[in-house]
1. Residues to consider are A:VAL5, A:VAL12, A:VAL20; find the one that is outside any loop (DSSP other than H, G, I, E, B), more than 12 Å from ligand 1 (Cβ to nearest atom) and under 30 Å from A:VAL183 (Cα atoms).
2. Would you check which residues across region A:211-235 are touching a helix residue (DSSP H, G or I) at 6+ places or on another chain (Cβ under 9 Å) and modelled with pLDDT under 95 and list them?
3. Kindly list, by first and then second residue, each pair from a residue in region A:73-87 that is in the same structural domain as A:ASP24 (by TED's automatic domain parsing) to a residue that is within 16 Å of ligand 1 (Cβ to nearest atom) and assigned to a loop (DSSP other than H, G, I, E, B), limited to pairs with Cβ atoms under 6 Å and residues at least 6 apart or on different chains.
4. Quickly run through region B:137-181 and pick out the residues that are within 16 Å of ligand 1 (Cβ to nearest atom) and at positive phi.
5. Going residue by residue through region A:26-36, is there one that turns out to be within 29 Å of B:LEU135 (Cβ to Cβ) and within 9 Å of ligand 1 (Cβ to nearest atom)?
6. From A:ARG72, A:ARG47, grab the single residue that is within 14 Å of chain B (Cβ to nearest Cβ) and either part of a strand (DSSP E or B) or more than 15 Å from ligand 1 (Cβ to nearest atom) (or both).
7. In region A:195-220, how many are within 14 Å of chain B (Cβ to nearest Cβ) and over 26 Å from A:LEU70 (Cα atoms)?
8. Out of the residues in region A:259-297 that are of a type in the set (Lys, Arg) and more than 16 Å from A:VAL227 (Cα to Cα), which is nearest to ligand 1 (Cβ to nearest atom)?
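The values are calculated or read from the model by the stated rules, or taken from the named source; none is laboratory data. Just so it is clear, the structure is predicted and the values come from calculations on it, not from any experiment. Every residue, glycine as well, gets a Cβ built from its backbone with ideal geometry; the counts of neighbours run over all protein chains shown.
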Amino acid sequence: MQRAVLERVEPVAEGAVSLVLRGDGGPLAAWEPGAHVDLVLPNWLTRQYSLCGDPADRDSYRVTVHHDPLSRGGSEYVHLYLRTGRTLEISLPRNNFPLSPAAEYLFIAGGIGITPIVPMLASAVEAGAVARLVYVGRSTATMPFADELRATYGDRVRIHTTDEHGRPDFAALAATLNPLALVYCCGPASMIDTAEAVFPPSRLRVERFRPAAKQFALNSAFLVDCVRSGRTVEVGAEQSVLDALNHAGFPVPSGCREGVCGSCEIPVVGGEPEHRDDIGAPPGRMYCCVSRALSPRLAVDL
Amino acid sequence: MNSNDVAFKARPRRISHEEVRARIGEPEDLIKSKVHDRIDRHSRRFIAHAPFLAMATSDATGLPDCSPRGDYPGFAKVLDERTLAIPDRPGNQLADSFRNLAENDGIGLMFIVPGVREVLRVNGRAYPTDEPDVLARMRTEGKAAQLAIVVEVAEVFFHCGRALIRSRLWDPASQALAAELPSVGEIAAEQMGLDIDPAVVTRMLEAEYRELY
Ligand SMILES: Cc1cc2nc3c(=O)[nH]c(=O)nc-3n(C[C@H](O)[C@H](O)[C@H](O)COP(=O)(O)O)c2cc1C
Ligand code: FES
């Protein structure tokens, strides 16, 4: 955890504000494009926000928060109640959406999904790669950074407003895509679903801010063997592995509790996990807030 | 009745409302005028920081019930300046409140923010809902609320801090009072006539308390 003072709140589009957070008594932890932090709000809620400022600036972080009309209390708090001058706890940066080296990139952002893309595009351009951005939103007034991006990158940025032009044609983008290019997409669920349908999986990287709608078989109870401590923890059918481990005294951290942030990652050494997250757990890992077991026992390195 | 309770010769005497007014006078205008018919920005901010409220309802005969509700600050949602929504989570035992509201839609709420001596009072009419857009706003820990109570606000006012000042509610030293009470296990074991070690009952309850959502 780190502490930062909320220095400024800047409106950047209809329904979106940027927060400038200054390190409290020292530099903030380094980060790479694509990273996010957990913000612990004064109403005790923890929410993830992508870092969208300059990674070279170690004195402050910038995040941009969209006021979700169906807010569960996080973005609403930021927009209606958060006051400058307040000290906030923020996590160390975590990156589930890192920029891999490539000669060419296609970035696709929808609405507030622009946040991780802003520093990615800057970094790709700086590295001398061919980089394009298709930025989709209802209207330019609702799209953070639309003007700045156009001013900085000119023709490399295409602003697509759905109020005027309807949905963008991803199939056409896919048809003309350089087979070696990497595609980075962040936006609403419907946009990511479309991208996953048209771009080759090996070329596509996505980040979901909220879990995709999915169906799973009914939950059942199972056992988790914690091999390092020699203890076995029972996970009830209606209980998450995270809760079961926490209750048993294992201090596994958590953030979103819905499989999108990655803070509850634990090492799996035996058994077959049933991955239910939206991040894509690497081999030998699981996100235990949502993922369960296909085998009657799991062995974890705790 | 306990053998050492003061024995009354009769019930304490009842006095008329006129007699009450004669003793304490009419409420001053200042106090009366602070009652609003909508949630202004100060009330909204207060509700957004309140992790606790007391909810009073009553049945068709007027028999009242008051129950505690609590969650993260702002768990009661302000839908607009005349409407609130309060989530119902599993194990809330909200059934009594729902049954009352079906017979009598009057509701009284008292919001409390730890550390603040004034409380916010809201009175109005209420009904249950399963509106998905309302329940979506109440998701916590990845779980949705099952139902919510919609409150149509009639009166909103801040209630002065004397009661909380006199009760030293926010004075950490007041917590010493807890040590003077029997454990929840002792109370439950005796009240339910259970023949088990109260410490076991306490431990069972503690385990249940950890499954909050
Ligand atoms: C990795 C990750 C990054 C996110 N980045 C942002 C962001 O930059 N801006 C934003 O408004 N929401 C972002 N979100 C979504 C928020 O964490 C949160 O879900 C949203 O503000 C709605 O919360 P609420 O329902 O409590 O208002 C991100 C989520 C995840 C998992
Ligand atoms: S807590 Fe966010 S992925 Fe598990």
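1. A:VAL20
2. A:PRO211, A:ALA212, A:ALA213
3. Hits for this filter: A:GLY73/A:LEU45; A:GLY73/B:GLY74; A:GLY74/A:LEU45; A:SER75/A:HIS67; A:SER75/A:ASP68; A:TYR77/A:LEU41; A:TYR77/A:ASN43; A:HIS79/A:HIS67.
4. B:GLU141, B:GLY142
5. Quick first cut of region A:26-36, residues within 29 Å of B:LEU135 (Cβ to Cβ) only: A:36.
Subset that is within 9 Å of ligand 1 (Cβ to nearest atom): A:36.
Within region A:26-36, one or more residues are within 29 Å of B:LEU135 (Cβ to Cβ) and within 9 Å of ligand 1 (Cβ to nearest atom).
6. Working: A:ARG72 fails: either part of a strand (DSSP E or B) or more than 15 Å from ligand 1 (Cβ to nearest atom) (or both).
Among A:ARG72, A:ARG47, only A:ARG47 is within 14 Å of chain B (Cβ to nearest Cβ) and either part of a strand (DSSP E or B) or more than 15 Å from ligand 1 (Cβ to nearest atom) (or both).
7. So the answer is 1.
8. At the first step, the residues of region A:259-297 found to be of a type in the set (Lys, Arg) are A:276, A:285, A:292, A:297.
From what's left, more than 16 Å from A:VAL227 (Cα to Cα): A:276, A:292.
Details: A:ARG276: 15, A:ARG292: 20 Å.
If we take residues in region A:259-297 being of a type in the set (Lys, Arg) and more than 16 Å from A:VAL227 (Cα to Cα), then A:ARG276 is nearest to ligand 1 (Cβ to nearest atom).
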